[in-house]
Every structure is written in C-alpha cells, then in structure tokens.
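Comments concern the structure below.
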Amino acid sequence: VMHSKDSLITHELGTGSTVGTVGLSYNFNGSPVVFDSRASDFSGLTVGVTGELKSTMSKYDVGSNFYSNYYTSGVPRTRYDATLDSAGNQHTASSMTLAYTFPVAHRTFLMAGGTYAIADKKVFEISNSDGDVITFEEQDHFSLFVAPAYQLSNNSLGYVKFAYHDTSINLTGKFTDANAQGAMVSTSYTEDMNGYGIGVGLRSEIYRDIFADMEIQHVMYGSQSTNVSSSINLDTTYTIGNVGISYKF
C-alpha cells in the first residue's frame, strides 16, 4: 500500500505499508477435495524463473566522525540518519530457481533448493535540495531454502519457506561539502550482507510437468556496520512478492 506524499514542516513524508493476511473462509458449494489418478506428482527436480516485486525498508546511519571536514569547527557534531520506507522504494527483479521436492508422507513433501538473481538492480536513490545524493544498489543476491509442503488438491501444493539470503549492497554517496566551496565529495563501497527469510507460497500444475508458483516472503538482514567504517550502519528488510514458472524433469 503506497500513500501519497505530503510535507511535514520542512520535510517530505512518504508513507507505505506492507500487509500480509491470513484468513478463514467457508465454501457453500460443499464439494469435498478429491484426490484421484489425475493428481499431480510434485516430487522431483524443477528449474524455473521468477518475476519479483521487492519492497524495501532501510535505515542508513552515518556517524558524526565519518566526514570530519563536513562539520564547521566549534559546531556540535550530530549523526545523519535516513530512514527509507517502502513507499516509493519498490522495484522489480527476476531470479533463476532450482529445487528438488522429496515425498515425506501421504500428501506431505519437503522442498529444498536455491535462487540466484539474474541482474543487479538499483533499489532506490534519494537526494535533497543541497545536491546530496545516496544511491542504493543490490548485487549478486542468492538464497538457499527449505520448504515443508502439503498437497491441498489434485494439482496444488501449499508450502512454508525458510530461507538464508546473501547479497552485496553497493552504497554510493555524493555530498556537497560547503567547506570545499561546493566541491562534490564522493564515496562508494560494497557491503556483503546476509539474513533470513520466511514466506508462504502456492504451487499449481498448469500443464504436464509445468508449474506456476505464487509466493510472498519477508527477509530480515538486520543491523550491520560496514567494513569501510564502523560509523556507517545499515538496517535493511525486504518484502518480496513473486510469480514464477518452472519445469519438472
């Protein structure tokens, strides 16, 4: 959910929400779930591709001693904080997927596999009236996962996913330094981050050995200081909704 932007005193306010729901419904038709000889076989190796929509929440903290020449002598130093919420910080991505589904018991399965991002993506870019610009890019993202699953009908499989995520964040900053007569001070570095995700999904066979997946996952990278300076701290989370198609061998 992305609300419109508004101003609050001298700051622009952009507000958004990411909402996940779990509900209960009743089918008045009364038809029971039937499993017969036409039921899909979900076990085996699948290879596929996904299209993703990522919503990012990231807090970027810079300690007062990082840019020492950015502060006027005698003026108390303060921290620079930027919180970037999911409003306007949504971007698309795509990944390759590889997974194997093991039968465990009657209509119960366990999926295990991984994903790898096909291309690097700019997550967001922010700027202010002074000309300061911060660019946040994601590179080399991959995940490894396990997913307990249960066959809900002849051709559908519901699952809960637990995943490990690893990515490289490229953070580039260009700052207008008033003490250098307006010269641009630039810095760029890459930080490796890892975190954990939990999600739910539904897999359905749409044709013989061709499956469609719908999934939503929340990824928490946590708060990490960078290798360049302990004064720079990143606290990042993603909510990822994806639709995928895969083939079972």
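Worth a mention:
- Residue count, region 156-174 (criterion: within 17 Å of THR101 (Cα to Cα), buried (at least 17 other Cβ atoms within 10 Å of the Cβ) and either at pLDDT below 90 or not hydroxyl-bearing (Ser, Thr, Tyr) (or both)): 3
- Filtering region 41-66 to residues that are over 19 Å from TYR238 (Cα atoms) and modelled with pLDDT under 85 leaves VAL62, GLY63, SER64, ASN65, PHE66.
- Lone qualifier among ASP130, ASP213, ASP177 - being crowded, with 19+ Cβ neighbours inside 10 Å and either at pLDDT below 90 or charged (D, E, K, R) (or both): ASP213
- Evaluation of TYR116 against (1) modelled with pLDDT of 85 or more; (2) surrounded by 15 or more Cβ atoms within 10 Å (Cβ to Cβ) (one fails), failing number: (2)
The values are calculated or read from the model by the stated rules, or taken from the named source; none is laboratory data. Treat the numbers as computed from the prediction; the structure is a model and nothing was measured. Here Cβ is always computed from backbone atoms with ideal geometry, including for glycine, and neighbour counts include all displayed protein chains.
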